[in-house]
Amino acid sequence: MPKEFTVTPWKVEGEVDYNRLIKDFGTESVDEKLLQRIKKHTGELHYMLKRKIFFSHRDFSWLLDEYEKGNKFYLYTGRGPSGNTHLGHLVPWIFTKWLQDKFDAELWFQLTDDEKFMFSEKLELSETNRLAYENALDVIALGFRKGKTKIFADTDYAKTLYRQAIRVAKRLTVSTTKAVFGLTDSDSVGKHFFTSVQSVPAFLPSVLAGRNIPCLIPHAIDQDSHFRVTRDIVHKLGYYKPAAIHCVFLPPLTGPGGKMSASVAETAVYTTDAPEDVAKKIRKYAFSGGRDTIEEHRKKGGNPDIDVSYQWLRFFEEDDKKLEKIYHDYKGGKLLSGELKEILIEKLAKFLRKHQENREKARKELDKFVIKD
Ligand code: TRP
C-alpha cells in the first residue's frame, strides 16, 4: 500500500510522492525536451531545473510558443506573511529571480496579509501586514530588479485587487472551494472567498495593459489548487490561463521528508538567524544519513538521499561539480556526517551574511518596490 501524505495550500504532511502529485493534480513533468527548449533561450540551465527541484509545470510549452512569437510573459509569485521568512520560502524566489534576468520579465509579488489573518486563529491583521513588509525585505535582498518588480500587500492594494477579485468570486461556487480545498460549511466565508484574491495577479497586468499578456507563476506545488481554480475562471473572463512551474519542498532539518514549517523553530532556518545559531541548529538537529560508528561509516558509506545536510546542499550549492563530489565522498564513506554538516554550515553562513546585509539595505529601497492604492 502506498504511504499516505497530504499536500494542500495549508497543510503538508507525510512523505510526499511527487510523481503521484503530477498524476493527482494533472500537471506535466519537466522533461528533457522542455529543458532543452528553455536552454535555447537562457543559454544555461538553472541548477534547480537540472536537479528537478522544479519538477512539474502547466503550459510552459505554450508560454514558450508565445515567447517565440514575441509575446513576452510576466512573472507572478507570492508569500503568505504568517511569520519570518525561512530558507524554504527562498527556493522559488531564487529561481524566479533567475527567470526575471533571463527573460527580462516583470515580476508581480503578492503578500497575502488578508489570507494569513483570515486563516489564523491568533494573528491580527496589523501583525500579518507588518510581517508582509518584513518578508518583502527578503524578496528585495535577492536582487530583483527595481522598476521591473512590483510588491504589494493585499490590504494596501485593495482597491485595485477588489475590483478584479469580485469578478472571480462571482464565478466561484462553494461546491468548488469545498471540492478543491477541502473547506467545509463550518469554514468562514472569508476562507471560501480568499482564492479569488490570489487569482487576481494572474490577470491584473492584462487588465491594466488593456491586452492579454502571458503569465508564469513559479511556486511550490502546494499552491497548485489555487491556480487550478484561477485557470478555469480567468479563461472564462477572456484572459490567458496562467502557466506555472512547480518546485518540491525544502525538507525540514529534522527530515528526511515533508516540508519545513515556520511554526516548529528547530526544523527551520530563518533568514534572520545568526550564522552561529544556524551552525548550532544544524549540528544538533540535522537528520543524518550516516552510520552509527565511524568504522561502519568508512566501510559502508552514508546515505546522501536521506541526509538532510546533503539535501539542503542540493538546494543551495550552485556548483554541480562540488555537489557531485560531496555525494560520492559521502556515499563512499570518505566524508563523515559531521564533516558534511560543516560544509553546509559554511555554505549557509556565507549566504546568510550576504543576505542579511542586503536585507538591511532593502529597508531604504522598500518604497521603490512596493505599490499601494
Ligand atoms: N497563499 C500563498 C502562501 O500562503 C501566498 C501566495 C499568494 C502565493 N500568491 C501566490 C504563492 C502566488 C505562490 C504564488 O504562501
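The values are calculated or read from the model by the stated rules, or taken from the named source; none is laboratory data. These numbers were taken from a predicted model, which means no experiment stands behind them. With ideal geometry, Cβ positions are generated from the backbone for all residues, glycine too; neighbour counts draw on all protein chains shown. The accessibility values were calculated without ligands, DNA or RNA, using every heavy atom of the protein model including side chains. Shrake-Rupley method; radii C 1.70, N 1.55, O 1.52, S 1.80 Å.
Name the single residue, out of those in region 22-39 being without any contact (Cβ under 8 Å) to a residue 24 or more places away in the chain and closer than 15 Å to Leu99 by Cβ, that is farthest from the chain's Cα centre (by Cα).
Looking at residues that are without any contact (Cβ under 8 Å) to a residue 24 or more places away in the chain and closer than 15 Å to Leu99 by Cβ, I get Lys39.
A quick yes/no check of all residues on (1) at pLDDT 95 or above; (2) out of contact with any His (no Cβ under 9 Å at 6 or more places or on another chain); (3) surrounded by fewer than 22 Cβ atoms within 10 Å (Cβ to Cβ):
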residue	(1), (2), (3)
Arg167	yes, yes, yes
Val174	yes, no, yes
Gly238	yes, yes, yes
Ala244	yes, no, no
Thr254	no, yes, yes
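When Trp312 is evaluated against the numbered criteria (1) without any contact (Cβ under 8 Å) to a residue 40 or more places away in the chain; (2) touching a helix residue (DSSP H, G or I) at 6+ places or on another chain (Cβ under 6 Å), which criterion, by number, is the only one it fails?
(1)
Name the residue, out of Glu4, Glu32, that is modelled with pLDDT under 95 and out of contact with any Cys (no Cβ under 9 Å at 6 or more places or on another chain).
So the residue among Glu4, Glu32 that is modelled with pLDDT under 95 and out of contact with any Cys (no Cβ under 9 Å at 6 or more places or on another chain) is Glu4.
Can Glu266 be described as surrounded by 15 or more Cβ atoms within 10 Å (Cβ to Cβ) and not aliphatic (A, V, I, L, M)?
So Glu266 does not fit the description; no.
Taking region 169-191 as the region of interest, how many residues are in contact with a helix residue (DSSP H, G or I) (Cβ under 7 Å, 6 or more places away or on another chain) and either closer than 13 Å to Ser225 by Cα or within 13 Å of the ligand (Cβ to nearest atom) (or both)?
Number of matching residues: 6.
Do any helices (runs of 4 or more DSSP H) lying entirely in region 272-373 carry at least 3 residues that are open to solvent by 30 Å² or more (accessible area, probe 1.4 Å), and which ones are they?
Hits in region 272-373: 275-285, 294-300, 320-331, 337-369.
Among all residue pairs at least 6 apart or on different chains, which show Cβ distances below 7 Å where the first residue, located in region 219-237, is over 12 Å from Thr195 (Cβ atoms) and within 13 Å of the ligand (Cβ to nearest atom) and the second is in a helix (DSSP H, G or I) and open to solvent by less than 20 Å² (accessible area, probe 1.4 Å)?
His219/Pro92; Ala220/Pro92; Ile221/Leu21
Restricting attention to region 184-203, which residues are open to solvent by less than 10 Å² (accessible area, probe 1.4 Å) and not in a loop (DSSP other than H, G, I, E, B)?
Residues satisfying the conditions are Phe194, Thr195, Ser196, Ser199, Val200, Pro201, Ala202.
Picking from Phe119, Phe152, Phe103, Phe144, which residue would you name as being over 22 Å from Lys11 (Cβ atoms), in contact (Cβ under 8 Å) with a residue 12 or more places away in the chain and within 13 Å of the ligand (Cβ to nearest atom)?
Phe152
Can you pull out every residue in region 101-147 that is hydrophobic (A, V, I, L, M, F, W, C) and assigned to a loop (DSSP other than H, G, I, E, B)?
Ala105, Leu123, Leu142, Phe144
For region 109-140, which positions are closer than 14 Å to Lys368 by Cα and open to solvent by 10 Å² or more (accessible area, probe 1.4 Å)?
Result: Tyr133, Ile140.
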